[in-house]
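Student: Sharing a structure here in structure tokens format.
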Amino acid sequence: MVRPRWDEFRQRYEAELEAAERRPLLQELAEKAQRGKVTLVLAARDVQRNSAVVLKAFIEGNYLHQGRRI
């Protein structure tokens, strides 16, 4: 039953990240990632399903170019 809850969480969090007021912060984070390593710190029990996983994928998919990864 974890999968449906994870999918719902991921979709809601991505919707929050798509908000216009978030763009400058996400762009800044992506620019830092272009220059070097960025570490996302969080407290979560599940290392595969959490906000940092969604944020990383969102930035890599929407802001980074040439296969650069956080």
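The values are calculated or read from the model by the stated rules, or taken from the named source; none is laboratory data. Please read these numbers as outputs of a predicted model, since none were measured by experiment. Glycine gets a Cβ as well: all are built from the backbone with ideal geometry, and neighbour counts include every protein chain shown. The area values use the complete protein model at the heavy-atom level, side chains included, leaving out ligands, DNA and RNA. Shrake-Rupley method; radii C 1.70, N 1.55, O 1.52, S 1.80 Å.
Student: Restricting attention to segment 39-63, and to residues there that are among the charged types (D, E, K, R) and closer than 19 Å to Pro24 by Cα, which single residue is nearest to the chain's Cα centre (by Cα)?
Tutor: Looking at the filtered set, the residue picked out is Lys56.
Student: So, one more: Would you check if there is a residue in segment 59-69 being out of contact with any Cys (no Cβ under 7 Å at 6 or more places or on another chain), among the aromatic types (Phe, Trp, Tyr) and assigned to a helix (DSSP H, G or I)?
Tutor: Taking every residue of segment 59-69 in turn, none turns out to be out of contact with any Cys (no Cβ under 7 Å at 6 or more places or on another chain), among the aromatic types (Phe, Trp, Tyr) and assigned to a helix (DSSP H, G or I).
Student: Follow-up. Pairs please, first residue from segment 51-66 and under 16 Å from Glu8 (Cβ atoms) and open to solvent by 40 Å² or more (accessible area, probe 1.4 Å), second anywhere and modelled with pLDDT of 95 or more and part of a helix (DSSP H, G or I), Cβ atoms under 8 Å, 6+ apart in sequence or on different chains.
Tutor: Ser51/Tyr13
Student: Scan segment 2-31 for residues that are without any contact (Cβ under 8 Å) to a residue 24 or more places away in the chain and either touching a Cys at 6+ places or on another chain (Cβ under 6 Å) or assigned to a helix (DSSP H, G or I) (or both) and report the count.
Tutor: 17
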